Ligand code: ZN
């Protein structure tokens, strides 16, 4: 048995009671948490273990990212001043040049940055599959394995080109049948439903304005027959609302609901423009939301009604979204963004740092259906743990260790564990050579731009 004992840190468990232990301990055996509590743990428990001295540190569950487009790591800095529809229209031609090799390079870069910002579980949404582009989902799975993070890949799709009234150009879309067949293949090839799984796959047609009703309806049937989750973008912008109203005479929530897309196996990215009836439907059906504050700000989409969603009992997780609309790509930073933006929307008492930490951990675990395995520091859960160093000049002396993460500068990681395996140590990625990952990203970004 391999044992790790984390001692001396401020442990924020994010369990149901919100228990916190100043100078507490966490014991990990073979990648699973076996004890959490106050004090240093007794000497017998520490004997023969790897002891991580977390004094001067905040210890939290690893953060869970519920929405991303990893390939966009190669297209940062484009269309800097556009709103969503214009931004998409200008980027589709570039994205249509992507292939498995380039995607793998971008995904490794994006996941290295996620890991260095406290993220242990990565949700990805890949929806662009040019003809002859190879096994893109496989490349993302391989990149996640090289960085050492837990992956929730989704096989996305688009089948509604401009000539049919959709937003993407016709050359960027697949046929409905091809998208469904490839989604099934991706699930059969890579989805692992077991406890502690490092790779799960969901099915994820892209959005109401890039996908046909047939594909949405059939994708829901397929996902349920395969026992996997469903993901898409919904209620991101006022333009999307207007599109759905004009084309379907329904709001995005009504439209998606009519196609089988509300349920406790569904999570939507954004949910910025959800009104009271829509929030009630999300709550009644168990539909989850990926809250992406920086991306929503970058594209001036608005601020999601997170307080109202949480009060209604909706599962809300945090997401960085793709790096083309959030060049930071750091999940830890989104905790602070979420606190600040929800206060701008709803008032100073609408989002505490502990609310935001819960969204970033247990909230994300619920959104991905992993609440029994990850999201809090409790016996029986996987040892996905972030140890944040808060005794440096940025945070030393701060009254509340959780505020160091939720209001202060993003602290460096003393350690990041995924299933008990060290992925980051002393702020450095240890699973891959950061310089090589960066070089590969630079080369792939250049190559993609030159293909256009
Ligand atoms: Zn997105």
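The values are calculated or read from the model by the stated rules, or taken from the named source; none is laboratory data. Predicted model only: the values in this text are computed from it and were never measured. Cβ atoms come from the backbone with ideal geometry, glycine included; neighbour counts cover every protein chain shown.
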_Selected residue (only one of 344, 299, 309, 377 is in contact (Cβ under 8 Å) with a residue 12 or more places away in the chain, under 16 Å from residue 235 (Cβ atoms) and more than 16 Å from the ligand (Cβ to nearest atom))_ = 309
*May I ask you to verify whether residue 359 is more than 23 Å from residue 400 (Cα to Cα), assigned by TED's automatic domain parsing to the domain that holds residue 127 and buried (at least 21 other Cβ atoms within 10 Å of the Cβ)?*
no
*Taking the range 227-240 as the search range and keeping residues that are at negative phi and either surrounded by fewer than 17 Cβ atoms within 10 Å (Cβ to Cβ) or not assigned by TED's automatic domain parsing to the domain that holds residue 363 (or both), which one is nearest to the ligand (Cβ to nearest atom)?*
239
*within 19 Å of the chain's Cα centre (by Cα) and either in the same structural domain as residue 423 (by TED's automatic domain parsing) or surrounded by fewer than 23 Cβ atoms within 10 Å (Cβ to Cβ) (or both): does that describe residue 328?*
yes
*Do you know which residues across the range 22-74 are within 16 Å of the ligand (Cβ to nearest atom) and out of contact with any helix residue (DSSP H, G or I) (no Cβ under 8 Å at 6 or more places or on another chain)?*
67, 69
_Looking at the range 424-446, I want the residues that are on the phi > 0 side of the Ramachandran plot and have a partner that is in a helix (DSSP H, G or I) and surrounded by 13 or more Cβ atoms within 10 Å (Cβ to Cβ) with Cβ atoms under 9 Å, at least 6 apart or on another chain. Which pairs are those?_
427/116
*Could you say which residue among 103, 89, 75 is in contact with a strand residue (DSSP E or B) (Cβ under 9 Å, 6 or more places away or on another chain) and in contact (Cβ under 8 Å) with a residue 12 or more places away in the chain?*
103
*Any idea which residue in the range 250-260 is surrounded by the most Cβ atoms within 10 Å (Cβ to Cβ), counting only those that are closer than 15 Å to residue 233 by Cβ and away from the ligand (no atom under 16 Å from the Cβ)?*
253
*Only listed residue being more than 24 Å from residue 88 (Cβ to Cβ) and outside any helix (DSSP H, G or I), chosen from 260, 302*: 260
_Residue match in the range 191-211 (condition: free of Cβ contacts under 8 Å to residues at least 60 places away in the same chain and assigned to a helix (DSSP H, G or I))_ = no
